[in-house]
Amino acid sequence: MLERLSKRNDDWRNLAYRICGNYDHAQDLVQQMYLKLADYKRVNDAMVAITIKNLWLDLLKKKNREVGIDSFHSLPYGENTFEPSDKQIEYLNRFDDLPMVQKELIQESFEKSTREIGREFNINYCYVHRQIHKGLKKILKEDYKKYKNSNLKYLKKRKNESN
């Protein structure tokens with residue numbers, strides 16, 4: 001299958017470039033597309049286009065999850081210490097009470113996706129996802145629904161912007 005796909009490599013790169021508008025990203029998207037579709041017996045043009053588009057959307061989602069220092073409030077001038085609020089202390093205490101596995105997986109999830117964590121530690125990504133969310137439920141308790149729905153609002157907003 002890869003031989004057939006690679007015959008139209010320039011077409012795939014042009015398509016990827018039209019989707020993302022960046023030459024380097026287009027190269028990466030085509031390489032990732034080859035990896036995704038390597039095990040398929042039959043592949044058509046639409047499947048290739050959808051795969052490249054989905055890979056680009058995944059990359060955009062990952063970029064939007066990154067947090068920069070600008071989003072944090074700075075400390076007033078002359079104040080050298082940071083004092084967490086009562087709510088933050090409560091969350092930290094609940095985090096300390098979690099089982100070690102959930103703590104480690106939550107900490108890993110700040111830098112990696114559940115699939116990446118699963119691959120790295122050779123465990124099922126569904127288990128990783130489930131343990132992370134069990135831990136978050138224990139930490140956030142009544143605020144967990146707000147946390148879950150905040151992601152949905154973001155996705156709905158992105159969908160409306162694309163239309």
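The values are calculated or read from the model by the stated rules, or taken from the named source; none is laboratory data. Note that the structure is a prediction, hence the values are computed from the model and not measured. Note that we place each Cβ from the backbone using ideal geometry, even for glycine, and neighbour counts take in every protein chain shown. Ligands, DNA and RNA are excluded from the accessible area calculation, which covers all protein heavy atoms including side chains. Shrake-Rupley method; radii C 1.70, N 1.55, O 1.52, S 1.80 Å.
For every residue, the table says whether it meets (1) within 25 Å of Lys63 (Cα to Cα); (2) loosely packed, with under 15 Cβ neighbours inside 10 Å.
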{"residue": "Lys87", "(1), (2)": "no, yes"}
{"residue": "Leu92", "(1), (2)": "no, yes"}
{"residue": "Leu98", "(1), (2)": "no, no"}
{"residue": "Glu120", "(1), (2)": "yes, yes"}
{"residue": "Lys141", "(1), (2)": "no, yes"}
{"residue": "Lys146", "(1), (2)": "yes, yes"}
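Looking at the range 39-58, which of its residues are part of a loop (DSSP other than H, G, I, E, B) and open to solvent by 40 Å² or more (accessible area, probe 1.4 Å)?
Passing the criteria: Asp39, Tyr40, Lys41, Arg42, Asn44.
Does any residue of the range 32-44 turn out to be of a type in the set (Ser, Thr, Tyr), modelled with pLDDT of 85 or more and touching a Lys or Arg at 6+ places or on another chain (Cβ under 8 Å)?
no
Looking only at the range 19-38, filter to residues that are closer than 16 Å to Glu3 by Cβ and without any contact (Cβ under 8 Å) to a residue 12 or more places away in the chain; which one of those is most open to solvent (accessible area, probe 1.4 Å)?
Across the range 19-38, the extreme among qualifying residues is Leu35.
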